[in-house]
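*Asks:* Dropping a structure here in structure tokens format, bear with me for questions.
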Amino acid sequence: MSSLFSRLGRVARRVALACGLGLCSSLAALGTAQAQSVLRVTAIPDESPTELARKFAPLGQYLEAKLGMKVEWTPVTDYAAAVETLVNRKIDLAWFGGFTFVQAHVRSGGKMIPLVQREEDEKFRSVFITDAASGITKLEDLKGKTLSFGSQSSTSGHLMPRNYLLAAKIDPDTDLKRVSFSGAHDATIAAVASGKVDAGALNISVWEKFVADKKVDTSKVKVFYTTPGYYDYNWTVHADMPADLRNKLQQAFLALDASTPQGKEILGLQRATRFIPSKPENYSGIRAAAENAGLLK
């Protein structure tokens, strides 16, 4: 009899252990489900952290309502970090420039999906600016001068301006006195305005925003060259994101309408007329420019 009770005891302990493990598994599964109920979002830091957070706040609230899930803003320190966080799925949605999208696409083995881009990003442009009294009126005048790009991984603040300099037979690394990197478009404007450099290259929409907000004196700092158009920014996700969530996200962006108060506010902050679908093929020209300039690693 004692042997029977002993065996029954061992069975009971095994059942309890199994139930315990099952409970742990259930809790783990619950934790995973909870983690997936948060959409983590980041953006390349092409402007100051406070400006990026300000621009995103209404969009984040809108996406929460549309998706029925929490949306969490996750700032990063530099462009490379934005790429790595999405490639490694530490975040779910990223605002990339054309070049950072290409870098992420290559790093992930083709697993990046650009969901939407602004209508303006079909023909985006960069501007070269200088002190109005510098005597610089064309790209060729930059020879022997100092120039500031934005971030090294910036499409509109480095890659495409470099591409058009090379097309004009100007090698920034040998024909200019010095090349520097400000880290962000607004910092490039400040570098030119303060006389730290003779000229700068940056995103046209940031320049136009500074002019509209009267944050730059156009009698002292002027645009002397505007590039041809190219594809640029987009909102990108990892291919591992469930298709249903991808579709909901894309539809939420496409539904933004400037004729509504909410849509007008969000699109205004995003400097967009509207969002349109995007695709990887749009960025083949950016990839070619990066390879030609020796910037794609």
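*Asks:* Inside region 99-129, can you point out the residues that are crowded, with 19+ Cβ neighbours inside 10 Å and free of Cβ contacts under 8 Å to residues at least 60 places away in the same chain?
*Replies:* T100, the sole residue that qualifies.
*Asks:* Take the residues in region 51-78 that are among the hydroxyl-bearing types (S, T, Y) and at pLDDT 95 or above, then tell me which one is surrounded by the fewest Cβ atoms within 10 Å (Cβ to Cβ).
*Replies:* Ranking the candidates gives T74 first.
*Asks:* Enumerate the pairs (first residue in region 232-244 and in contact (Cβ under 8 Å) with a residue 40 or more places away in the chain; second residue anywhere and of a type in the set (G, A, S) and in a strand (DSSP E or B)) with beta-carbon separation below 8 Å, excluding pairs fewer than 6 apart on the same chain, so at least 6 apart or on different chains.
*Replies:* W235/A94; T236/A94; V237/A94
*Asks:* Next question, about the same structure. Give me a count of the residues in region 197-212 that are surrounded by 15 or more Cβ atoms within 10 Å (Cβ to Cβ) and either assigned to a loop (DSSP other than H, G, I, E, B) or among the small types (G, A, S) (or both).
*Replies:* 6
*Asks:* Pairs only if they're at least six apart or on different chains, beta carbon under 9 angstrom, first in region 54-68 and within 13 Å of S37 (Cα to Cα), second modelled with pLDDT under 95 and not in a helix (DSSP H, G or I); list them, first residue then second.
*Replies:* Within 9 Å, the pairs are G68/S37.
*Asks:* Something else now. Scan A132, A191 and give me the residue that is small (G, A, S) and either crowded, with 17+ Cβ neighbours inside 10 Å or within 15 Å of T226 (Cβ to Cβ) (or both).
*Replies:* The unique qualifying residue is A191.
*Asks:* Run S154 past the list (1) in contact (Cβ under 8 Å) with a residue 24 or more places away in the chain; (2) more than 14 Å from G97 (Cβ to Cβ) and report the number of the one that doesn't hold.
*Replies:* S154 satisfies every listed condition except (2).
*Asks:* Still on this structure, I have one more. What residue, of S126, S134, is in contact with a Pro (Cβ under 8 Å, 6 or more places away or on another chain) and not basic (K, R)?
*Replies:* Result of the check over S126, S134: S126.
*Asks:* With region 61-167 as the region, which helices (runs of 4 or more DSSP H) entirely inside it contain at least 3 residues that are under 21 Å from A193 (Cα atoms) and out of contact with any Lys or Arg (no Cβ under 9 Å at 6 or more places or on another chain)?
*Replies:* Correct list: empty, since no element meets the threshold.
*Asks:* Suppose we filter region 193-214 for residues that are of a type outside the set (A, V, I, L, M, F, W, C) and either in the same structural domain as R271 (by TED's automatic domain parsing) or under 24 Å from the mean Cα position of the chain (by Cα) (or both); how many remain?
*Replies:* So the answer is 6.
*Asks:* Residues being of a type outside the set (D, E) and touching a residue at least 60 places away in the same chain (Cβ under 8 Å): count how many of those fall in region 69-98.
*Replies:* 12
*Asks:* Taking the options T273, T218, T226, T188, name whichever one is touching a Ser or Thr at 6+ places or on another chain (Cβ under 7 Å) and of a type in the set (S, T, Y).
*Replies:* T188
*Asks:* Looking only at residues that are in contact (Cβ under 8 Å) with a residue 40 or more places away in the chain and surrounded by fewer than 14 Cβ atoms within 10 Å (Cβ to Cβ) in region 135-151, which one is farthest from T100 (Cα to Cα)?
*Replies:* T137
*Asks:* Which residue pairs have Cβ atoms under 6 Å apart, sit 6 or more places apart or on different chains, and have a first residue in region 209-222 that is closer than 26 Å to L267 by Cα and a second that is of a type outside the set (S, T, Y) and part of a loop (DSSP other than H, G, I, E, B)?
*Replies:* Final answer for the pair search is F210/V216.
The values are calculated or read from the model by the stated rules, or taken from the named source; none is laboratory data. Keep in mind the model is a prediction, meaning the values are calculated, not measured. Cβ: placed from backbone, ideal geometry, glycine included. Neighbour counts: every protein chain shown.
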